[in-house]
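J.: Sharing a structure with you now.
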Amino acid sequence: MRKSLLLTLLIATIFSIARADEGMWLPLFLKYNEAEMQSLGFKLTAEDVYSVNHHSMKDAVMLFGGGCTGELISSQGLVLTNHHCGYSNVQAHSTMEHNYLQDGFWAKTMAEEIPTPGLTVTFLIYMEDVTRQVLKDVNSNTGEKERQELVKRNSETIIAKLESTTPFKAAIKPFYYGNQYFMFVTQTYRDVRLVGVPPESIGKFGGDSDNWMWPRHTGDFSLWRIYTDKNGQPADYSPDNVPMKPAKWFPISIGGVNEEDFTLVFGYPGTTHQFYLSDAVDIVANVQNPIAIQARTIRLDAMKRYMNQDPRIRLMYSAKANSISNGWKKWQGESKGIRECNVVEKKQKEEQDFIRWVNADPTLKDELGNLIPEMRSLYKDYRSQVQTTTYISECLFGVEMIQKVVHPFVRTLVQGDEASFAANRDKIIANYQKFCESYYQPIDKECFVNLLTYYFTSQDISQIPTALQKYCGGDLCGAESEVKAKMEQLWEKMSTTAPYFTDQTKFVDYLSKANYKKVAKLANSEIVTLYNELFKVYVDTYSKSRETEKELDKHYRDYVNALMSKESDKVFYPDANLTLRVTYGQVSGFSPADGVQYAHYTTLDGIIAKEDPDVYDYKVDPKLKQLWEKKDYGRYANSKGELPVAFIASNHTTGGNSGSPVINANGHLIGTNFDRVWEGTMSDINYDVSRCRNISLDARYFLFIVDKFAGAQNLIDEMTIVED
Ligand code: ASP
């Protein structure tokens, strides 16, 4: 007996140490982590990080756009985020004459800063646990549908009350699958201007080849400024607006980053799935990821070939290729990590343990005995639903012409009526003209042929709509070359029978002159049939999969609730859901494979070593090279005389944390989070401190580029630069 108690204590100790780096903590409850944070070196308090009573770090952190994080770094509303977070906005400001993406941009005065309509930043004013109010009138007899309605109605009441009495917006989000609810009260600023961005050869150095990789040398940052009206309130763009005067901004430390230093990342992680059952993990690693990876390989191959030939096409396709490739590479690392860390098996063991715990208690058995078997059975259906929707979304909607032209054209015009035709025609023409500004048809033709060939040859014939089985090869979808020839013929046929879909010059002319009757006749054309048949399967299966997900979520609510009582001494953290979180850890290298050890930082020397003038992603700007040759690093060099570029640490981050401030023990900014190492991208499902690392831009490299490279002394002057 005594022996087993000791064993329990030992396991608990190991367990809590092993978890030190894992966790995306709600700032509201950070006091529970304070002791551990301080034991790791943090010199401040939880209240310094998040407080509703006085200004705290959270006042300097924002949701940048719809899915990144940014931070205030001056008393005049200057914002630091990643280069890739502002990428599409910088692309929109770029032309062949003023190619800010390629050449960079630095406003030397505030008057030169570029307004960016549509870009917003949102600050959290406070968050509050509203579980009791949201679940008012919900009891153990409440059916699921009724529960959802009550949650919706109660939430609306709480939000309406808040919004009618304050100038703020509110949103309520579920946590732990609806075991808890929090309200987030926020304020959004709408006049955000571009201040500075390095050339792509710095801001995207290493491109897709280095994305998600360590060692990394990407100067992934851009600078923006928030403007307000004269009273300091959020306002639409106006030349009369003034720079924001924030109460809090981050001092920037040039004191350095050493192995084992404490780091805290404060930002907006998007989505994680730590509670997934083994069945879900298996579907991600062995169904969803492989299909999406293969389809995206096809698209990226086509895009890259043409982008490498012509700078005009590179400009048109850079942002698209980036977003396609981001998931493509991440999923490869994720599947590899899941395999190598035996996550499916690990989860299966946890589930068996859970089942044993439930079955050991008759009351629990009565209540939860069927939980896991029911979830397993739901996952059986879900597996095939996910397979179908992933194939169709990646292959059909991977064709730009189908997604951006055929889809709106058919849904709104062909299947509409006279009235919807009249109401939507001009809008569709305008969207189409915008779409054509960055559309290169030979790329899309290649995607059309290869993606649909992949779809028809990889699916079981029973999954292919009968009307489309004619596209399969003689061996019923077995012969790739045969299917490919059919897809090529289909594209050619479309070019003659429906040229407006494939010929940019003809679409506008056709649609401007067409009437509803003429357009409606297209309903039976071959391309519209193909689109309709696949889209129908997609919509039907997708809605079934949403139903399955809802069922599963309901089961997860019970599962997570039960897990919490099973492991009552463990501190849980909720999955990421694009709400403000704190994660903390330490600067540390790691070993990605036997015999390989990664250092915790990289330097400008590494950029020069990677230089390859023939490869776009590895070109080095001549000015950067000159600074390197002269070792003209100013006060930004480390104690060895090197210029640090990036570092890794054990902070638990995910998509959405891009641009997050990385804070040292004194609460000063030492970096900007921008990525994770490829070996650890499974951290969205299974965080493992032996291989999961976040990658941050070293603040000293950022300052060096602004100061020495761009000569933007005006910006350096407004920042607070400190030594510790
Ligand atoms: N690169 C990611 C982002 O864009 C960050 C991450 O996934 O670690 O938010």
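J.: Using Cα pairs under 8 angstrom and six or more residues apart, how large is the relative contact order of the range 586-658, in percent?
T.: 40 percent
J.: Return the Rg/Rh ratio of the chain with Cα-based radii and a Kirkwood Rh.
T.: Numbers: Rg = 27.1 Å, Rh = 27.9 Å.
Computed over Cα atoms, the ratio is 0.97.
J.: Can you compute the modelled spin-label distance between residue 495 and residue 370, with each label point 7 Å from Cα toward Cβ, in nm?
T.: With each label placed 7 Å out from Cα toward Cβ, I get 5.9 nm.
J.: A follow-up question, please. Going down the list 58/152; 173/554; 58/204; 204/445; 204/623; 31/58, which pairs span over 18 Å between their C-alpha atoms?
T.: Where the Cα-Cα span goes over 18 Å, the pairs concerned are 58/152; 58/204; 204/445.
J.: Quick one: Karplus J couplings for the range 124-137, per residue in order, coefficients 6.51, -1.76, 1.60, θ = phi - 60°, nearest Hz, x for Gly and Pro?
T.: Coupling constants for the range 124-137: 7, 8, 6, 10, 8, 6, 10, 3, 4, 5, 5, 9, 4, 6 Hz.
J.: Another question, if that's okay. Taking the alpha-carbon distance from residue 427 and a cut-off under 20 Å, which lysines remain once sequence neighbours fewer than 8 residues away in the same chain are dropped?
T.: Reachable lysines: 404, 506, 513, 517, 518.
J.: For residue 630, go through the lysines and keep the ones whose alpha-carbon is under 20 Å away, minus same-chain ones fewer than eight residues off.
T.: List returned: 610, 619, 640, 708.
J.: Using only the alpha carbons, work out the radius of gyration and Dmax of the range 232-362 in angstrom.
T.: 23.6, 70
J.: Another question, then. Using only Cα atoms, locate the centre of the range 137-160 and the centre of the range 558-575, then give the distance between them in Å, rounded to an integer.
T.: First find each Cα centre; the distance between them is then 23 Å.
J.: Here is a follow-up. Which of the DSSP-defined H helices in the chain satisfy a minimum axial length of 20 Å, computed from C-alpha atoms, and a minimum mean Kyte-Doolittle hydropathy of -0.5?
T.: Details: long enough: 2-18 (24 Å, 1.62); 144-165 (32 Å, -1.16); 289-309 (30 Å, -0.57); 311-340 (42 Å, -1.10); 343-359 (24 Å, -1.28); 371-395 (35 Å, -0.61); 418-436 (26 Å, -0.40); 441-458 (25 Å, 0.01); 480-497 (25 Å, -1.08); 526-566 (58 Å, -0.85).
Span-like helices here: 2-18, 418-436, 441-458.
J.: Rounded to the nearest 20 Debye, what is the dipole magnitude of the range 110-248 about its Cα centre when Lys and Arg each give +1 and Asp and Glu each give -1 at the C-beta?
T.: Roughly 420 debye, rounded to the nearest 20.
J.: For labels at residue 593 and residue 110 in the simple 7 Å Cα→Cβ model, what's the distance in nm?
T.: 5.3 nm
J.: Just name one of 278, 237, 247: the one whose Cα is farthest towards the positive end of the charge dipole of the range 233-325 (beta-carbon charges, Lys/Arg +1, Asp/Glu -1).
T.: Of the candidates, 237 comes out farthest on the positive side.
J.: How far apart, in nanometres, would the label points at residue 517 and residue 363 be if each is projected 7 angstrom from Cα along the Cα-to-Cβ direction?
T.: With each label placed 7 Å out from Cα toward Cβ, I get 7.5 nm.
J.: Quick one: net charge around residue 465, please, counting Lys, Arg +1 and Asp, Glu -1 for every other residue with C-beta under 12 Å from its C-beta.
T.: Local charge sum for residue 465: 0.
J.: I'd like the distance separating the alpha-carbon centroids of the range 401-475 and the range 674-724, in whole Å.
T.: Each part reduced to its Cα centre gives a spacing of 41 Å.
J.: Another question about this same structure. For the chain, what is the relative contact order in percent, using Cα pairs closer than 8 Å and at least 6 residues apart in sequence?
T.: Normalised by residue count, the contact order of the chain is 23 percent.
J.: Summing -39500 (n - 2.57) over the DSSP H runs of n ≥ 4 in the chain and dividing by its residue number, what mean residue ellipticity at 222 nm do you reach, to the nearest 500 deg cm²/dmol?
T.: -14000 deg cm²/dmol
J.: If you take every residue apart from residue 421 with its C-beta less than 15 Å away from the C-beta of residue 421, what net charge results, scoring Lys and Arg +1 and Asp and Glu -1?
T.: +4
J.: Residue 600: net charge of surrounding residues, Cβ under 10 Å, Lys/Arg +1, Asp/Glu -1, itself excluded?
T.: On the way: positive: 693; negative: 259, 260, 261.
Counting the neighbours of residue 600, the net charge comes to -2.
J.: So who's got an amide H within less than 5 Å of the one on residue 228, skipping anything under 5 residues away but keeping other chains? H placed 1.01 Å off N, in plane.
T.: Correct list: 242, 244.
J.: Put +1 on the Cβ of every Lys and Arg and -1 on every Asp and Glu Cβ in the range 58-161; which of 109, 120, 141 then has its Cα farthest towards the positive end of the dipole?
T.: Of 109, 120, 141, it is 141.
J.: Here's another thing I want to ask about it. Within the chain, which cysteines find no other Cys whose Cβ is under 4.7 angstrom from their own?
T.: 341, 395, 436, 447, 692
J.: Along the positive direction of the dipole of the range 367-437 (beta-carbon charges: Lys, Arg +1; Asp, Glu -1; about the Cα centre), which of 379, 389, 399 reaches farthest?
T.: 399
None of the figures in this text is laboratory data; all of them are computed from the coordinates on show. Values in this document were obtained by computation on a predicted structure and should not be read as measured data. When we count neighbours, we look across all protein chains shown, and the Cβ atoms used for this are built from the backbone with ideal geometry, even at glycine.
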